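Quick note: the coordinates plus some simple rules give every number you see, no bench work behind them. Small disclaimer: the values here were computed from a predicted structure and weren't measured. Reconstructed Cβ throughout: ideal geometry from the backbone, glycine too, with neighbour counts over all protein chains shown.
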Ligand SMILES: Cc1cc2nc3c(=O)[nH]c(=O)nc-3n(C[C@H](O)[C@H](O)[C@H](O)COP(=O)(O)OP(=O)(O)OC[C@H]3O[C@@H](n4cnc5c(N)ncnc54)[C@H](O)[C@@H]3O)c2cc1C
């Protein structure tokens with residue numbers, strides 16, 4: 001059920017588990033805990049729809065040192081559903097080599113094997129309706145054709161296929177809203193901003209979370225276990241400001257809390273592929289549907305290329321960009337605006353463009369339905385996007401700054417940089433892609449001067465962040481090497497867990513959310529199995 005903290009009187013039960021944050025991570029966890037008999041309280045700082053007062057907490061709370069990470073303000077959403085209300089829904093698992101220690105602060109990698117994550121990826125695919133087809137060329141005959149087109153001697157890249165969660169299932173908050181509303185064992189308390197973890201007399205356990213509303217209402221919520229699922233940056237922030245046990249925050253004993261913040265970096269439209277071999281290019285880069293799930297290829301630097309070039313993980317994608325005034329772009333924008341603002345987004349102007357473009361839209365629809373292929377609008381151009389991993393540097397750090405935000409939480413400072421390692425990786429991906437397309441007789445890349453100089457490589461001032469915030473509370477086998485253990489439990493604390501990309505020791509160049517969800521499922525199982533399983537009360541409800 002949903003309760004507004006600004007109007008609430010009392011909770012209907014004493015919770016077993018308190019989850020801070022109703023974004024993708026928190027809601028995946030809650031979904032897996034439903035029907036276990038456990039009472040779950042979710043504290044969500046935002047409202048049920050986007051509100052300027054909640055969003056302003058993200059926009060103004062940060063001081064930057066080094067480069068400005070735009071996504072800290074534009075790429076986080078403080079609302080029920082979190083950034084899941086806006087994400088693109090691309091799901092990809094981490095590759096085995098991305099779990100290694102190569103790009104971490106001090107050579108300490110993931111304390112769990114890829115095989116452990118793999119079983120949760122499988123569960124997730126079933127839950128999300130992603131059909132369980134492999135992410136590589138074995139998934140479909142179109143995919144096999146794609147890879148066969150590449151020059152036989154090309155081992156610069158390995159091709160994987162991103163699965164796009166269909167729109168109706170993308171916003172997990174909206175998807176789960178009704179069933180959570182009907183669930184008597186789950187309370188979602190919204191407008192409830194967690195501002196501190198409280199320990200009472202305990203030195204090894206959290207006893208409550210202090211929450212505050214925008215109207216100044218305050219209360220401490222007790223539970224047996226606490227899971228912080230407030231997004232990477234806010235999760236770290238909550239630990240940092242909770243310094244009753246340690247001056248560097250909860251989990252800060254080994255001075256690693258806040259360290260190793262990272263994102264992925266990207267060169268937008270880094271190049272244009274000349275259209276002399278347009279049909280071959282379309283065959284190579286075009287997405288296809290399996291059921292209603294769009295699959296699009298990404299050209300990932302192979303492990304061999306990474307070793308040869310001494311660079312990080314990276315990949316290239318080729319997108320077919322329609323003209324901004326085309327019907328398909330208008331339709332896409334309209335759907336996105338509708339997701340953000342509801343029916344207010346539907347202006348007369350948009351209807352007129354859509355009407356004019358109806359023949360194109362019908363043709364696109366038929367391509368999709370009859371051939372199972374991603375429609376490529378008639379007047380479109382192919383653009384290359386290059387993406388690189390960031391190493392988790394100890395100097396890239398989230399820490400407490402001076403001053404307070406509107407709910408009285410200390411402001412944050414973020415030291416973030418884009419360094420030579422990322423620039424070099426982007427350059428290697430770009431050059432190797434260029435060579436591959438030439439050798440495979442697919443086309444030539446005409447680099448946009450301002451983004452990529454064929455001699456110098458990627459240009460720093462054109463590189464942007466990607467809203468994939470991670471790190472700051474990494475997972476480690478030994479307490480001295482990180483902030484949480486392999487079960488995502490804060491070292492030294494009995495009952496405090498993180499469900500967030502904050503725990504990633506490294507993330508390669510893979511989109512993070514599929515792994516965030518896999519870890520949340522694993523955490524739900526851990527909470528139920530090891531400490532909270534109530535004998536005789538149902539097993540997991542595995543469908544979202
Ligand atoms: C435009 C866009 C496109 C994206 N596309 C992709 C993609 O295709 N693939 C991919 O893998 N990733 C993508 N991402 C990233 C993805 O959205 C995030 O990785 C994911 O949402 C993180 O989930 P989360 O639950 O950890 O955090 P969030 O979604 O940020 O959820 C955190 C929740 O906690 C709440 N909260 C925060 N602080 C507090 C507090 N103190 N008290 C109470 N509640 C609090 C917030 O309101 C929010 O509801 C995209 C992001 C954006 C913005």
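Here are the numbers for this structure:
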{"quantity": "Label point 7 Å beyond Cα of residue 8 along Cβ direction - residues of segment 215-233 with amide nitrogen under 19 Å", "calculated": "215-231"}
{"quantity": "Packing rank of 518-530, 167-179, where each peptide gets the mean count of other beta carbons within 10 Å, highest leading", "calculated": "518-530, 167-179"}
{"quantity": "Dimensionless Rg over Rh [the chain; C-alpha; Kirkwood]", "calculated": "0.97"}
{"quantity": "The chain: calculated mean residue ellipticity at 222 nm from DSSP helix runs of at least 4, using -39500 (n - 2.57)", "calculated": "-8500 deg cm²/dmol"}
{"quantity": "Percent of beta bridges antiparallel (DSSP, the chain, rounded to nearest 5)", "calculated": "70"}
{"quantity": "Hypothetical label at residue 438: residues of segment 151-177 whose amide nitrogen lies under 20 Å (7 Å Cα-Cβ projection)", "calculated": "151-158"}
{"quantity": "Paramagnetic reach from residue 446 in segment 454-473 [backbone N under 18 Å; point 7 Å along Cα→Cβ]", "calculated": "454-455"}
{"quantity": "FRET efficiency estimate (nearest 0.05) - Cβ-Cβ, residue 97 to residue 453, R0 35 angstrom", "calculated": "0.75"}
{"quantity": "Prolate/oblate/rounded label for segment 1-55 (Cα gyration tensor, a/c 1.5)", "calculated": "oblate"}
{"quantity": "Angle in degrees between helix 114-128 and the longest Cα principal axis of the chain, rounded to the nearest 10", "calculated": "90"}
{"quantity": "Efficiency of FRET from Cβ geometry, residue 292 and residue 119, R₀ 30 Å, rounded to 0.05", "calculated": "0.75"}
{"quantity": "Net lengthening on full extension, residue 356/residue 332 (0.36 nm per residue, minus Cα-Cα)", "calculated": "7.1 nm"}
{"quantity": "Segment residue 136-residue 64, extension gain: residue separation times 0.36 nm, minus the distance between their alpha carbons", "calculated": "22.0 nm"}
{"quantity": "On Cα atoms only, tilt of 24-33 relative to the major axis of the chain in degrees", "calculated": "60"}
{"quantity": "Estimated inter-spin distance, residue 381 and residue 178, nm [label 7 Å along Cα→Cβ]", "calculated": "4.5"}
{"quantity": "Estimated FRET transfer efficiency (residue 112, residue 366; beta-carbon r; R0 51 Å; 0.05)", "calculated": "0.65"}
